[in-house]
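The values are calculated or read from the model by the stated rules, or taken from the named source; none is laboratory data. As the structure is a computational prediction, the values presented were derived from the model and not from experiment. Every residue, glycine as well, gets a Cβ built from its backbone with ideal geometry; the counts of neighbours run over all protein chains shown.
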Amino acid sequence: MALKTILNYSPNFNSKKRKSKQIKFIIFHYTGMKREVEAVNKLTNIQSEVSSHYLIKNNGNILTLVPDLYVAWHAGKSSWKSYKSLNQNSIGIEITNPGHEFSYKKFSKKQIYSLLKLGEFLIKKYKINSKNVLGHSDIAPERKKDPGEKFPWKYLSENKIGLWHTLNKQELIKNRKLKTSQIEKELFFNNLFKIGYSKKIPKDLNKDRYLKDVTKAFQRRFRQELLDGEIDRESLLISKNLQKRFN
C-alpha cells in the first residue's frame, strides 16, 4: 500500500545511499518553532544543516523531506543500546508543535491519525521492531525534550507503534511519590540502561545531573503526569516492567 505524501525535498542528507536493512529505528521529534512555515523552511534550508525524512503538519498532511534510503540529519549526537549517532540507522519524523520553549501544546487529532498511518507503513516496510520506536529525548536525554510528555505514546502502543508498560494505572498511582532506597534507585538505573538509555555520562555534565536528565526523559515517555526527576516507587515499577518488554 502506497502512502500519500507531499514532496518538499530538503538538501540536508548524506549523498551515499543506505540499504533498507540498515533502517532499524523510527525517531519522533517535534519542530519546536512558533510557526509551521518557519519549521518547514528550516528543515529545507541548506544552511540549517538539519532535516528529517518526514514532517507531519498541523492539518495532518505528511511532507516527504528526505527519501528513506538517505541519511537525514535529525538525531545529532545520540545513543541507544549499542547504537551511536542514530541518524545512520533511523527514519526521523518531525511533528509540527511549538515545543516547550513556545507554549507546548497537545498534538492534533489529524496529526495523530497521520502518525498512525505513517508509523504503520514504515514499520511494515522496514520490519522495525516496536522497541525501536523512540523519541528524541530517549536517545539524547541531556539535550532534548521532544516529542515531550503530551506525545500519545500509550495510544500509539495500543496500535502497535512503540512500547508501553502493562501495569494497572490505579496500582501505579498508589505508588506515586513513595520513597525508594538507594539500592532501589540503583536498580532503577540498571533497568533504564537495559531498556536502552545510555549509561555514558557526557563530558560536560556531572553524574547527578545526567542521571536526573535520564530519569526525566524516562518519565516524559512513560510516566507523563509527573516529571519531577525523582525515583519514586511508581517509576521503579514501570522501569521493572519495561525492562522485560525491551529485552
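Got a sec? Which of 84, 127, 145, 110 is assigned by TED's automatic domain parsing to the domain that holds residue 28 and in contact with a His (Cβ under 6 Å, 6 or more places away or on another chain)?
Going through 84, 127, 145, 110 in turn, the sole match is 145.
Going residue by residue through segment 214-226, is there one that turns out to be surrounded by 17 or more Cβ atoms within 10 Å (Cβ to Cβ), out of contact with any Ser or Thr (no Cβ under 9 Å at 6 or more places or on another chain) and modelled with pLDDT of 95 or more?
No, the conditions are met nowhere in segment 214-226.
What helices (runs of 4 or more DSSP H) completely inside segment 154-247 contain at least 1 residues that are in contact (Cβ under 8 Å) with a residue 60 or more places away in the chain and closer than 26 Å to residue 127 by Cα?
Result: 207-222, 233-245.
Residue check: is residue 154 under 17 Å from the mean Cα position of the chain (by Cα), over 21 Å from residue 86 (Cα atoms) and not aromatic (Phe, Trp, Tyr)?
Yes, satisfied.
Rundown of residues vs (1) buried (at least 22 other Cβ atoms within 10 Å of the Cβ); (2) β-branched (Val, Ile, Thr), yes/no style:
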{"position": "3", "(1), (2)": "no, no"}
{"position": "18", "(1), (2)": "no, no"}
{"position": "25", "(1), (2)": "yes, no"}
{"position": "33", "(1), (2)": "no, no"}
{"position": "43", "(1), (2)": "yes, no"}
{"position": "66", "(1), (2)": "yes, yes"}
{"position": "100", "(1), (2)": "no, no"}
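Do we find that residue 209 is on the phi < 0 side of the Ramachandran plot, in the same structural domain as residue 24 (by TED's automatic domain parsing) and out of contact with any Ser or Thr (no Cβ under 8 Å at 6 or more places or on another chain) in this structure?
No: the conditions fail for residue 209.
Name the single residue, out of those in segment 131-155 being over 20 Å from residue 102 (Cβ atoms) and of a type in the set (Lys, Arg), that is surrounded by the most Cβ atoms within 10 Å (Cβ to Cβ).
Among those residues, the one meeting the criterion is 131.
Kindly evaluate residue 56 against the criterion of being surrounded by fewer than 20 Cβ atoms within 10 Å (Cβ to Cβ) and among the aliphatic types (A, V, I, L, M).
No; evaluated as a whole, the condition is false for this residue.
Could you give every pair whose Cβ atoms fall below 8 Å, whose first residue belongs to segment 16-27 and is assigned by TED's automatic domain parsing to the domain that holds residue 82 and over 19 Å from residue 134 (Cα atoms), and whose second residue is surrounded by fewer than 22 Cβ atoms within 10 Å (Cβ to Cβ) and of a type in the set (A, V, I, L, M, F, W, C), counting only separations of at least 6 or pairs across chains?
17/69; 18/69; 19/69
Which pairs do you get when a residue that is within 18 Å of residue 80 (Cα to Cα), found in segment 116-136, comes within reach of a residue that is among the acidic types (Asp, Glu), reach meaning Cβ atoms under 9 angstrom, with the pair 6+ apart or on two chains?
Matching pairs, first to second residue: 135/146; 136/146.
So, in segment 1-54, exactly how many residues are more than 19 Å from residue 124 (Cα to Cα) and of a type outside the set (Gly, Ala, Ser)?
Residues meeting the conditions: 29.
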